[in-house]
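A short worksheet on the structure shown next.
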Amino acid sequence: MSLLTYRVGRCLVVELDEVIDPDIEDTVEGVLESLVRSEVAPVVVVDLRTALLTSTALQMLSRVRRTAQIQGSALCVVARHPLARHVLRTAGLTRTLRVATTISGAMALARGCPPAHQPATHPPVVAGRPAPVRRAIGRLLFR
């Protein structure tokens, strides 16, 4: 799978225009993690161009964010559709994933990211899932 990538300032933008399901999760995650690890840019912006966000996508984005933190870079997410933003907000991931509505908004959020030599602390992980993802899944299942 090939993802469209381009640079805007100090950010590398990666466009995701497909629904992330278990069939393509590993492929997309591999591409995103290789971009984060390559240190091409200190900030990677994932531009979600679909309204539908699955639990698979939420988990994958959380794992890629953790990889970015370990590498000393930052991950921001652009959620253009209101439904996608609602899912991220309900999941409690808007701050964790630095969610913005536009690429310029993500770049503004990235200005507040720690420099590459000061990685942020890791979120607590229990049973292999970051805490915000567990809470989000619980909220969605037990409404």
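The values are calculated or read from the model by the stated rules, or taken from the named source; none is laboratory data. This structure is a prediction, so every number in the text was calculated from the model and none was measured. Glycine gets a Cβ as well: all are built from the backbone with ideal geometry, and neighbour counts include every protein chain shown. Heavy atoms of the whole protein, side chains included, go into the accessibility calculation; ligands, DNA and RNA do not. Shrake-Rupley method; radii C 1.70, N 1.55, O 1.52, S 1.80 Å.
Residue check: is GLN71 in contact (Cβ under 8 Å) with a residue 40 or more places away in the chain, open to solvent by less than 60 Å² (accessible area, probe 1.4 Å) and more than 20 Å from ILE103 (Cα to Cα)? Give the derivation first.
Working: in contact (Cβ under 8 Å) with a residue 40 or more places away in the chain: yes; open to solvent by less than 60 Å² (accessible area, probe 1.4 Å): no; more than 20 Å from ILE103 (Cα to Cα): yes.
When the stated conditions are applied, GLN71 does not pass them.
What number of residues within the stretch 39-53 are open to solvent by 40 Å² or more (accessible area, probe 1.4 Å), closer than 16 Å to ALA74 by Cα and touching a helix residue (DSSP H, G or I) at 6+ places or on another chain (Cβ under 9 Å)?
2
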